[in-house]
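J.: Quick one: the structure is below, and I'll ask about it shortly.
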Amino acid sequence: MAEPKIKYDRQLRIWGEQGQAALEKASICLLSCGPTGSETLKNLVLGGVGSITVIDGSQVEEGDLGNNFMLDESSLGQSKAKCVCAFLQELNDAVKARFVEESPEALIETNPSFFSQFTLVIATQLVEASVVKLDKICREANVMLISARSYGLTGLVRISLKEHAVIESKPDHFLDDLRLNNPWPELKSFAESIDLNSTDPVVHKHTPYVVILVKMAEEWANSHGGSLPSSREEQKEFKDRLKTKMIAVDEDNYKEAIDASFKIFASRGISSGLHQIINDSSAEVDSTSSDFWVMVAALKEFIANEGGGEAPLEGSIPDMTSSTEYYVNLQKIYQAKAETDFLAVEQRVRTILKRIGREPGAIPKANIKLFCKNTRKLTVCRYRPIEEEFNSPVLSMLQRYLTDEDYSIAAGFYILLRAVDRFTANYNRFPGLFDGEMDEDISRLKTIAVGILGDLGCNGSTFTEDLINEMCRFGGAELHAVAAFIGGIASQEVIKLITKQFIPMSGTFIFNGIDQKSQLLAL
């Protein structure tokens, strides 16, 4: 068996050893191993998830061979869960795999405590009533739930859990934490030691833009009553001053300073998002609080005291035109400040833990350091219970989606998938399953869908006949291409939740295979 660092080399570059360790500890339960569920689990098994449990009480039929490549003719008549489980085990022998030959719906009804043993449950192809019951069970047990479904040329994915805190949100674009508009004494002292009026062209050309901006900002503040440039005219004047300092056209460091001057104009202090997190009611911690909220409580104290209104410094600097000596010294100054801030936060974490009756060393030093490095990027996601969304979606958003040309088909699929479940409950089959009853099924499905809209307060909203016809034409089929796509989306969200890296989607993801569109409905 290959060493984990070699086997998982590519993904380790994305979520690191800490993320991989979280995956390898995770226990995943899959309900229904049709193509949607099998494709979802396949991606997680290849990624090295710790253990999987496949729940399905059906046997392999001929129809399964056409849309699930994990099954072949030798599987006919055998337990679907057993065959899929065996195939998945072959993909990665480091993953512990087991199966339970039982109907997911029956398990939800008769043995709800079964699900409390898992890190996360993936429910595929379940009807509305079963998903609602499972959601209540998982929330009670603090188990994460992802519901995924493919139906003809459409599909959906939805996350459900009470709260999900993300420390490593890893946004695509985020400003460097350089504090150019609020430098601390050591950075100021370093900047003051460098003469911007040096006549040595080599020194002048290799002064880091950080130093240039700190010195120029201080010079500006001294002549403007302590204020930094704020209006457009002042910002233009500040840039013009930078240009006058250039003694040659090829001074890239001054060009970098001009490009980065907006960092001087930015407001000091923490973002509105971080302000919201530190003032969340959960930041009032007690012995039952999670490690995340204990660290948030410590962060709040730090910002109000040692931080002087700022979050802990991250401690890294970007590449820039500079002499090696200046760059290394600058790097050390930022790292030293970050370490000082970290130690102050760590001390506050230990004090809070002791105060709430927990062991002062309960939160590892490495976790606190990671938290400090990412404080500006913290994210807290909260999800409504599925039943609450079904019974009382955000009416203004639903009406907007139904009437918006870009979203109307996605919203239509969302309502029609619910209508399909009610149709199935009434007639014990999917609409359009029998050609001879197609016209009648179209009429029935339309009546049910309009009834759902009326119940939700969307009277007068309608669907195109083509969309209703399409839903009946699907006949409940799981097309492999759609199932693979939905499975890919679902497994991607599973990885985000387990590794606690990147921001998981909020709302209901709808795939429209007719127009090749993917959209999120915030309901």
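The values are calculated or read from the model by the stated rules, or taken from the named source; none is laboratory data. What you are looking at is a predicted structure, and each value in this text was computed from that prediction instead of being measured. Heads up, the Cβs are rebuilt from the backbone with ideal geometry, glycines too, and the neighbour counts pull from every protein chain shown. Heads up: the accessible areas ignore ligands, DNA and RNA and are worked out on the full protein's heavy atoms, side chains in. Shrake-Rupley method; radii C 1.70, N 1.55, O 1.52, S 1.80 Å.
J.: Ratio of Rg to Rh for the stretch 306-359, alpha carbon only, Kirkwood? Let's see the in-between values first.
T.: Working: Rg = 15.6 Å, Rh = 13.0 Å.
Checking Rg against Rh, the ratio lands at 1.19.
J.: Follow-up. Please state, to two decimals, what the Cα-based radius of gyration of the chain comes to when divided by 2.2 N^0.38 Å (N = residues).
T.: Ratio of Cα Rg to 2.2 N^0.38 Å: 1.20.
J.: Quick one: which residues, 5 or more positions from S103 or on another chain, have an amide H under 5 Å from its amide H? H modelled 1.01 Å from N in the peptide plane, none for Pro or chain starts.
T.: G57
J.: Using +1 at the C-beta of Lys and Arg and -1 at the C-beta of Asp and Glu, which of S461, L395, A221 has the Cα lying farthest in the positive direction of the dipole of the chain?
T.: A221
J.: With the cut-off at 26 Å, tell me which of the pairs K42/K446; K332/K365; K7/K377 have Cα atoms farther apart than that.
T.: Among K42/K446; K332/K365; K7/K377, the Cα-Cα distance tops 26 Å for K42/K446; K7/K377.
J.: Still on this structure, I have one more. Which value, in debye to the nearest 20, gives the size of the charge dipole of the stretch 185-264 about its Cα centre, when Lys and Arg are +1 and Asp and Glu are -1 at the Cβ?
T.: Around 200 debye, computed over the stretch 185-264.
J.: What does the highest-first list of 277-283, 342-348 look like by mean Cβ count within 10 Å?
T.: 342-348, 277-283
J.: Volume per residue, Å³, of the convex hull around the alpha-carbon atoms of the stretch 390-474?
T.: 82
J.: How do 5-18, 156-169, 449-462, 26-39 rank on mean C-beta neighbours within 10 Å, highest first?
T.: In descending order of packing, they fall as 26-39, 156-169, 449-462, 5-18.
J.: Oh, and also: Rolling a 1.4 Å sphere over the protein heavy atoms, what is the accessible area per residue of the stretch 110-215, to the nearest Å²?
T.: Counting only protein heavy atoms, the per-residue value for the stretch 110-215 is 39 Å².
J.: Hey, can you find the accessible area per residue of the stretch 272-382 for me, probe 1.4 Å, expressed in square angstrom? Let's see the in-between values first.
T.: Working: 5280 Å² over 111 residues.
Heavy-atom accessible area per residue stands at 48 Å².
J.: What does the highest-first list of 512-521, 203-212, 230-239 look like by mean Cβ count within 10 Å?
T.: 203-212, 512-521, 230-239
J.: Given H placed on each backbone N at 1.01 Å, which residues far from T124 in sequence or on other chains put an amide H within less than 5 Å of it?
T.: Amide H to amide H, under 5 Å and 5 or more residues apart or across chains, T124 pairs with L31, A148.
J.: Please identify the helices of the chain, taking whole runs of DSSP H, that span at least 15 Å along their own axis as judged from the Cα atoms and have a mean Kyte-Doolittle score of -1.0 or higher.
T.: Helices passing the filter in the chain: 35-47, 80-91, 128-140, 209-223, 291-304, 324-355, 408-427, 438-455, 480-499.
J.: Whenever you get a sec, compute what percent of the accessible area on the stretch 1-110 sits on carbon and sulfur atoms (1.4 Å probe). Intermediate values should be presented prior to the final figure.
T.: Values: 2590 of 5290 Å².
After summing per-atom areas, the C and S share lands at 49 percent.
J.: Follow-up question, since we're still on this one. Search the structure for amide H atoms under 5 Å from the amide H of T154, placed 1.01 Å from N in the peptide plane, and list their residues when 5 or more places away or on another chain.
T.: Amide H neighbours of T154, under 5 Å, 5+ apart: G513.
J.: Could you do me a favour and compute the accessible area per residue for the stretch 430-487, 1.4 Å probe, result in Å²?
T.: Heavy-atom accessible area per residue stands at 49 Å².
J.: Same structure, new question: Tell me, what % of the accessible area of the stretch 205-356 is carbon and sulfur with a 1.4 angstrom probe? Write out the running numbers ahead of the final one.
T.: Working: 3570 of 7480 Å².
It is 48 percent, rounded to a whole number.
J.: Provide the three semi-axes, in whole Å and in decreasing order, of the ellipsoid equivalent to the stretch 34-163 as defined by the square roots of 5 times the Cα gyration tensor eigenvalues.
T.: 23, 17, 15
J.: Another question, if that's okay. For the stretch 246-304, which GluC sites (Glu not before Pro) pass both filters: DSSP loop (anything but H, G, I, E, B) and at most 12 other C-beta atoms within 10 Å? Could the numbers behind the result be given before it?
T.: Values: sites: E251, E256, E284, E301; in loops: E251, E284.
In loop regions of the stretch 246-304 (DSSP not H, G, I, E or B), the sparsely surrounded GluC sites (Glu not before Pro) are E284.
J.: Could I ask something else about it? Take the Cα atoms of the stretch 245-287, find their three principal axes, and give me the spread along each one in whole Å, biggest first.
T.: Reported extents, whole Å, longest axis first: 62, 19, 12.
J.: Sticking with this structure for a sec: Using the crude model of +1 on Lys and Arg Cβ and -1 on Asp and Glu Cβ, and no other charge, please compute the dipole size for the stretch 291-379 relative to its Cα centre, in debye to 20.
T.: Dipole size: approximately 380 debye.
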